[in-house]
Amino acid sequence: MKKCIALIILAFNLVFAGCTSNDLLDQLPEKISDFVQEYFPGQDVSTAEFGDDGTYMVRLRNSVMLTFDKQNNWQSVNGYGSTLPQMFLFDQLPPALYQYLQEMESVNGVYGVVRDSRLYRVELKNQSLLYNISDGSITIPANPAQLRSLFRIPD
């Protein structure tokens, strides 16, 4: 009897393990799927939505939200309280911005990054940084509420 119950529990676990949220990962465009696997290995996708404007919003089981544009390039990565992987920051931020974060000893304290064709916005615990792509300048905005108007990308 105990063996029968154990087999039923094992079969139940196998059935539900086969229906993981990794199935969602497999359904995403290859560029997005590769991005998730490279920078968030082992993380399951909990939701993936294709927007009317051609963007993808991908939510990982650990609460990270990723937004991709029509060309499947990342637009924003929001940790929702979790810090972002250092490998992502090293690979995806402009070298001068990454170096600045290193000098501030903040590489392990980045909670979100948003970018568009003009700017990168880096969210730290208590402040934001702006990196201007055209001139390479890094600023700390005095009024964080004005940051939202600089980006057309939703948080």
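The values are calculated or read from the model by the stated rules, or taken from the named source; none is laboratory data. Keep in mind that this is a model prediction, so the values were computed, not measured. Here the Cβ positions follow ideal geometry from the backbone for every residue, glycine too, while neighbour counts run over all protein chains shown. When the accessible area is computed, the model is the full protein with side chains, heavy atoms only, and any ligands, DNA or RNA have been set aside. Shrake-Rupley method; radii C 1.70, N 1.55, O 1.52, S 1.80 Å.
Details
- Hits in region 23-45 (condition: surrounded by 15 or more Cβ atoms within 10 Å (Cβ to Cβ) and closer than 23 Å to Gln86 by Cα): Leu25, Ile32, Ser33, Phe35, Val36, Tyr39, Phe40, Gln43, Asp44, Val45
- Every residue from region 24-44 that is part of a helix (DSSP H, G or I) and not acidic (Asp, Glu): Leu24, Leu25, Gln27, Lys31, Ile32, Ser33, Phe35, Val36, Gln37, Tyr39
- Taking first residues from region 26-40 that are without any contact (Cβ under 8 Å) to a residue 12 or more places away in the chain and partners that are open to solvent by less than 80 Å² (accessible area, probe 1.4 Å), the Cβ contacts under 8 Å between residues at least 6 apart in sequence or on separate chains come to Asp26/Ser33; Ser33/Leu25.
- Total residues in region 50-72 satisfying the condition of being modelled with pLDDT of 95 or more, open to solvent by 20 Å² or more (accessible area, probe 1.4 Å) and out of contact with any Asp or Glu (no Cβ under 8 Å at 6 or more places or on another chain): the figure is 5.
- Counting only residues that are of a type outside the set (S, T, N, Q), more than 15 Å from the chain's Cα centre (by Cα) and closer than 22 Å to Phe68 by Cβ, region 117-137 holds 5 of them.
- Taken over region 68-115, residues that are assigned to a loop (DSSP other than H, G, I, E, B) and closer than 20 Å to Ser33 by Cα amount to 9.
- Residue within region 72-93 that is closer than 20 Å to Pro141 by Cβ and in contact with a Ser or Thr (Cβ under 7 Å, 6 or more places away or on another chain) present: yes
- Condition check for Gln86: open to solvent by less than 90 Å² (accessible area, probe 1.4 Å), of a type in the set (S, T, N, Q) and modelled with pLDDT of 95 or more: yes
- Every pair of residues 6+ apart whose Cβ atoms lie under 6 Å, when the first sits in region 106-118 and is buried (at least 22 other Cβ atoms within 10 Å of the Cβ) while the second is charged (D, E, K, R) and modelled with pLDDT of 95 or more: Val114/Arg121
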